[in-house]
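To start, the structure itself, in structure tokens.
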């Protein structure tokens, strides 16, 4: 037994590890560990997935923007090579999903150890191996929803946090959503994201609890050209689509947009 530690700004998360299952180095350093909470995927030293807890993150990243849209048929997922976000998207029965992932190794390893390869094999899914920022820069297709499931800012993902990237995604979509880091120990990352996304219409920040990420509180940024549905509309869509979840529900959807006072003060000039 040994301990895996992820830290930032003097705070972090410690996970007891039974053994290392896999390690490889390509575009990113990919590590897979066995823990008491299932297998844990780590990219460039940052925890991405722990099996017992993945749904807290992926359900909130995916279902909030997907339920904001009244009929999400064509989806672009940028990142998300572990496959869990794609699995949640497919629950909505879209006509097509395009996945743009920079690192094929992540898809291959996750498919082998997490069993998510079946999602990428779905006939509605097309996978392109390319930098997401380059893809949306050249893209002329339009999407109902674009979801960005990227890692913490790193050499492999830093382009997914640029002003140009956010504006290109907004140009191509009705609903755009990205994870936006911890509002507690990564507040500067969050503020940078808000500054760079200031030209997106109807931006909102929402929060969720994610036990597999340091300090548990996580943020997401969404921009909607349609505005936002009320609770009854969300409930109606949730019932009609017959989606089974473990964390997300319509009440949590609405409540996630309520921000604590300290955070509202921190970002008051940015959103």
Label-point separation in nm, residue 164 to residue 241, each point 7 Å along Cα→Cβ: 3.3 nm
Between segment 211-268 and segment 137-170, the Cα center-to-center distance that results, in Å: 21 Å
Sequence-separation-based contact order of segment 56-180, relative, with Cα cut under 8 Å and 6+ spacing, percent: 30 percent
Diffusion constant of segment 2-50 at 25 °C, which comes from Stokes-Einstein with the Kirkwood Cα-pair radius and 0.890 mPa s, µm²/s: 222 µm²/s
Orientation-averaged projected area, Cα convex hull of segment 64-158 (nm²): 6.1 nm²
Ranked 247, 56, criterion: other C-beta atoms within 10 Å, fewest first: 247, 56
Potential extension, residue 11-residue 188 segment - 0.36 nm per residue separation minus Cα distance: 62.3 nm
Largest-first ellipsoid semi-axes for segment 148-268, taking √(5λ) over the Cα gyration tensor eigenvalues, angstrom: 23, 18, 15
Packing-based order for 27-39, 226-238, using average beta carbon neighbours within 10 Å, highest first: 27-39, 226-238
Packing rank of 203-211, 7-15, where each peptide gets the mean count of other beta carbons within 10 Å, highest leading: 203-211, 7-15
Top of 41, 259, 160 by mean-square fluctuation, Gaussian network on the chain, Cα under 10 Å: 259
Over the chain, equivalent-ellipsoid semi-axes from the Cα gyration tensor in Å: 26, 22, 19
By average C-beta atoms within 10 angstrom, highest first, the peptides 178-186, 108-116: 178-186, 108-116
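Read-outs throughout are calculated quantities, based only on the coordinates presented, and are distinct from any laboratory measurement. All of these numbers come straight from a predicted model, not from anything done at the bench. Every residue, glycine among them, receives a Cβ derived from its backbone with ideal geometry; neighbour counts consider all protein chains shown.
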